[in-house]
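Since the structure comes first, as structure tokens, the remarks are kept for the end.
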Amino acid sequence: MASIAGRGLSTGPRPDGSIHRMLVTRMALAALAASVLVGVLAFFAERRSIGEIAVDRAAVGATALMALLDETRDSSDALDAARVQAALERLKANITVQKNGRFVAASVYDMERRRIAQLEERGHPAFVAGGEAPAADTPPGRASYVYSRPQGIPIVSVLAPITPRAGAQLGWVSGVFAVSDEALAEATARILRRVLISIGIVLATILVVYPIIGRLVQKLQRAGHKLLDSNLDSIAALGSAIAKKDSDTDVHNYRVTIYAARLGEAAGLDGRAMCALMKGAFLHDVGKIGIKDSILLKPGRLDEAEFAEMKKHVQYGLEIVRRSSWLEDAAEVVGGHHEKFDGSGYLGGLRGEAIPINARIFALADVFDALTSRRPYKEPMSYEAAMAVIEKGRASHFDPRLLDLFSSIARPLFEEFGNRDDDGPRAALRSLIDQYFKTDAAILVA
């Protein structure tokens, strides 16, 4: 994309590979999530199915037990323990083991919650794991079950009422149902089939939808890059206009932004903080647009009243950047670049780490570039002289920790960009814009 006079901050369209990677990753995660969800639902469905089989077996057993008791029961409505135990033994001998599993423990209780008969297959692993048939605090009015896996062995604990064809409930049966290996294998196979079907459906949907989403995202990406380039060019135009009014050159903005960005990297700022730092650095003096030329361009020293007026450029700058949601994060530098570490700066007289780190970073970059640059009223200082002046400001003007970091990177920066007034700083800053602004993720989520 063409930029202002070919010298702005925009750099043209960016590759869209990361967008496609993001889409593929998110769709793959969606497929995985759908598969996990289906697998969980299938597991609970199969567990419920097994539980219902056990309840059905218990209900059938209770009905058969009642039929056997009816054959021998006298006129009394009470359950006779000896007859119930004999009927339970006959029932066990007559019931064929089904493929879903069998009861390894069964107890019969009367309405007084007394156990009057029981059968136990003590050698079975499910009995060893689950123990004897559970009792109940109150007589159950309907069949119910609880699924569990003690020691990893699946069992179903069942309660089923004993009720004659006509008459009041006489008691209940409590049992431990051992799920067979065959039933477990079939349930696992059904779960796997459901998961594979869900994956196939999701993948088929992705294959259909992905090209459509990809085209839409590419259009969004191009529109986002155009908008970003417009914003960056606006920053370049505004910053350059102020710089030219103040010092007859705009390259100071490029150099000082590079210095600040490199120090921000050394300080470990994240991507968003770096973007805010670069915007603030480029527009740090935007408020000077509101300062009268008689003060801004005065060749000599400002008197007290003139300096008080000059300081207002910070407030003017804040008012300007805060009118734009995209520039609002530049306010830390615009509003804090004249604060000093000992609290003697302006506008807020902030001290130490109360000064935003972006403002503390920029203060070092700004002073270093001012000292090492040629101005109408002075010659540039050497690297050594400039660093000596800055060192005098340790803990008074500058954050000592940041000053140490800056000292470790300043010489190569000075050798590459010091007092340069050509396109080198512009090209270097465009590279930084590429790195921190013009990524696909930044365009979409900014």
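Structure values in brief
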| item | result |
| --- | --- |
| Cα-Cα over 29 Å, subset of 226/312; 226/340; 279/340; 219/288 | 226/312; 226/340; 219/288 |
| Ranking by accessible area, most exposed first, for 27, 274 with a 1.4 Å probe | 27, 274 |
| For segment 112-159: rounded, prolate or oblate by the Cα gyration tensor [a/c cutoff 1.5] | oblate |
| For segment 117-125, 3J(HN,Hα) per residue [Karplus equation, 6.51 cos²θ - 1.76 cosθ + 1.60, θ = phi - 60°, Hz, x = Gly/Pro] | 7, 7, 10, 9, 9, 5, x, 6, x |
| Segment 204-217 - phi-based ³J(HN,Hα) in whole Hz, Karplus 6.51/-1.76/1.60, Gly and Pro as x | 5, 5, 4, 4, 7, 7, 4, x, 5, 5, x, 5, 5, 5 |
| Area of residue 186 that stays accessible when all protein chains are in place (1.4 Å probe, Å², to 10) | 60 Å² |
| Calculated FRET efficiency for the pair residue 206/residue 138, C-beta based, R₀ 45 Å, to 0.05 | 0.25 |
| Full-stretch length increase - residue 392, residue 434 - with 0.36 nm per residue and alpha-carbon distance subtracted | 11.5 nm |
| Calculated FRET value between residue 305 and residue 222, using beta carbons and R₀ = 51 Å, to 0.05 | 0.45 |
| Efficiency of FRET between residue 45 and residue 294 - r from beta-carbon atoms, R0 60 angstrom, step 0.05 | 0.10 |
| Difference of contour (0.36 nm per residue) and Cα-Cα distance, residue 342 to residue 32 | 106.1 nm |
| For segment 281-432: rounded, prolate or oblate by the Cα gyration tensor [a/c cutoff 1.5] | rounded |
| 1.4 Å probe accessible area per residue over segment 153-233, in Å² | 52 Å² |
| Whole-percent carbon and sulfur share, accessible surface of segment 287-438, 1.4 Å | 52 percent |
| ³J(HN,Hα) computed for each position of segment 265-278 - Karplus, 6.51 cos²θ - 1.76 cosθ + 1.60, integer Hz, glycine/proline x | 4, 5, 7, x, 5, 7, x, 5, 5, 5, 4, 4, 5, 5 |
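The values are calculated or read from the model by the stated rules, or taken from the named source; none is laboratory data. As the structure is a prediction and not an experimental result, all values here were calculated from the model. Using ideal geometry, Cβ is built from the backbone for each residue, glycine included, and neighbour counts are taken over all protein chains shown. Heads up: the accessible areas ignore ligands, DNA and RNA and are worked out on the full protein's heavy atoms, side chains in. Shrake-Rupley method; radii C 1.70, N 1.55, O 1.52, S 1.80 Å.
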